[in-house]
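Notes follow once the structure below has been shown.
Read the figures in this text as sums done on the coordinates, not as results from a lab. Since this is a predicted model, take the numbers as computed values, not measurements. Backbone-built Cβ (ideal geometry, glycine too); neighbour counts: all protein chains shown.
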Amino acid sequence: MSLVKSDQYWLFVLLRSFESGVFEVFSILITVLQAEHFTGNYLTSAIAANHVGLSLANLIASPINGLFVENKLPWQLGISVAPVLMIPVLILSAIFLRSSKYQAMPHPLLILQNAVGVFRIPSFVILVAAMCVDSFYSGTYHFWMTPMRLYAIEVYPEIFFGVSYTIFTTLTSTLWFIGGLCGSAAVPYLTRKLETATGICSCIPPIALALPLIYGLSQLIQSFDCLVEISMLTSNFPIFLASFIINGFVGAGTTLNSLKIKLATTPANQRSSAISVSKLLITITGLPSAQIFAVISDSIRGDSTSSIDHLEALQATFIYTWPIPLASSVLGFVLLRFYSRDVKKANEIDEREEEESAP
C-alpha cells in the first residue's frame, strides 16, 4: 500500500496546500505580535523561543514521519493529529490576545501603500533577494533529501551501520535540534556582545554592523555545510550526522538575524507588511524549484531506474547548482553597505510619528 493512492492525490495536495497556507499565516501573525509587544533583548529572546519551538516540532515530527514511511500507514491518519495539536495553540493565543490592547485595523489602502513602501528600503530588498535565492535551493534540498536518504539506506546499508529509516531521521532531527538550540542562545549573545564590545568581545571595538555581518557569515557556513551533507551522505555517516549540528547552529543565526534585520530596518507601521511581503515572495520563489531540480536530475540520470542512479543524479544536481546558495551568501554581505543608514532612517520615522501622535 502506498502512502498516497492515485485517486487521493489531489485531495492530499489540496489539504497539504491548505496546511502550508495556515502555517504561513500563523508565522506572520506571531512575528508581528512579537514585534509589537517586545523590544530590545526581549524581542531577541521571543524570536529565539519561536525558533526553538519550531525546531522542537520538527524533532517530534521526524520519527512520526519515519514510522509512516516504514509501515506504509495511510496519510489520512496524520490529519487526525493536527487538530489535537492545534487546540492548546488556539487556547494560548486567545488568552494572549485578550490581555492585549485592541488596535484598530488600518485602512486597506494604507496596508497596500506600506507593502509597496518596503521596496524603497535597500536593506529589505537585498535581504529578501538573498532569502529568495536561498529558498530556491534549500527548500528543494530539504524536499529531495528524504528520497536521497531512502536511496542511500537501500544502496549503502553498511555505511549507516544497518539503522532503519526512522532511527536515521530521528538522529538527524535530534542533532539539528541540538545545534539549533545552542545557536538560538549563542548567536544573539554573540551579536549583542559584538555590538556593545562587552563580555568575550571586550577586547575589540564595537561593531555596529554585527547583525548583518553574522547573518552573512551564517549564510556562508550553511552553504558549505549543505555541500558537506551531500558529499558525506554516501561516504561517511558520522561526518554526515555532525554536519546537522552545524546546520542547526548556523541556521538559527540565519533565521533569527534575518528577522531582526527586517524589524530593525523598517518603520513600525510597515513591519507587518514587510514580513508578509517577504514571506509571500520567498514562498513563490520556492514553488517551482523542486520541479526544476527534478528535470535537471532526470537529464543526468537518463533512462535508468536503479536506486543508485537516482541517488547519484540527485547528488550531482545539488553539487552542480551549489553556486546558488553561495550567491545568497554574497547578497548577505552586500547588506553591510546599507544597513546602518536604513536603521537610522527607520528610527527617525518612528520618532517623528510618536511626536505627531503625542497629545
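Please arrange 148, 131 by how many other C-beta atoms lie within 10 Å of their C-beta, fewest to most. Don't skip to the answer; put the middle values down first.
Values: 148 19, 131 25.
Exposure proxy ranking, most exposed first: 148, 131.
If every alpha-carbon in the range 172-234 counts as one equal scatterer, what log10 I(q)/I(0) does Debye give at q = 0.15, 0.24, 0.26 1/Å?
-0.59, -1.02, -1.09
I need the Debye-formula profile for the range 182-340: one equal scatterer per C-alpha, no solvent, reported as log10 I(q)/I(0) at q = 0.11, 0.20 1/Å, two decimals.
The calculated log intensity ratios at q = 0.11, 0.20 Å⁻¹ are -0.58, -1.33.
For a bin width of 5 Å, list the pair-distance distribution of the range 204-273 built from all Cα-Cα distances, rounded to whole %.
3, 16, 20, 16, 15, 11, 9, 6, 4, 1, 0
In which sequence would 60, 245, 178 go, from the one with the fewest C-beta neighbours within 10 Å to the one with the most? Don't jump to the answer; show the numbers that get you there.
Details: 60 11, 245 20, 178 16.
Final ranking by Cβ density, sparse to dense: 60, 178, 245.
Quick check: from the Cα gyration tensor, does the range 111-249 come out rounded (a/c under 1.5), prolate or oblate? Don't skip to the answer; put the middle values down first.
On the way: a/c = 2.98, a/b = 1.59, b/c = 1.87.
Oblate is the answer for the range 111-249, as a/c is 1.5 or above yet b/c matches or exceeds a/b.
Please give the charge dipole size of the range 217-349, origin at the Cα centre, charges +1 on K and R Cβ atoms and -1 on D and E Cβ atoms. Round to the nearest 20 debye. Working shown, then result.
On the way: 9 positive and 8 negative charges, 194 e Å.
That gives a dipole near 940 debye.
For the range 282-359, I need the span (max minus min coordinate) of the C-alpha atoms along each principal axis, in Å, sorted largest to smallest.
73, 25, 14
What's the exposure ranking of 333, 249, 143, going from fewest to most Cβ atoms within 10 Å? Provide the component values of the computation, followed by the final result.
On the way: 333 17, 249 23, 143 14.
In increasing order of surrounding Cβ atoms, one gets 143, 333, 249.
For q values of 0.20, 0.23, 0.26, 0.32 Å⁻¹, compute log₁₀ I(q)/I(0) with the Debye formula on a Cα-only model of the range 146-200, without solvent.
Log10 of I(q)/I(0), two decimals: -0.73, -0.85, -0.97, -1.13.
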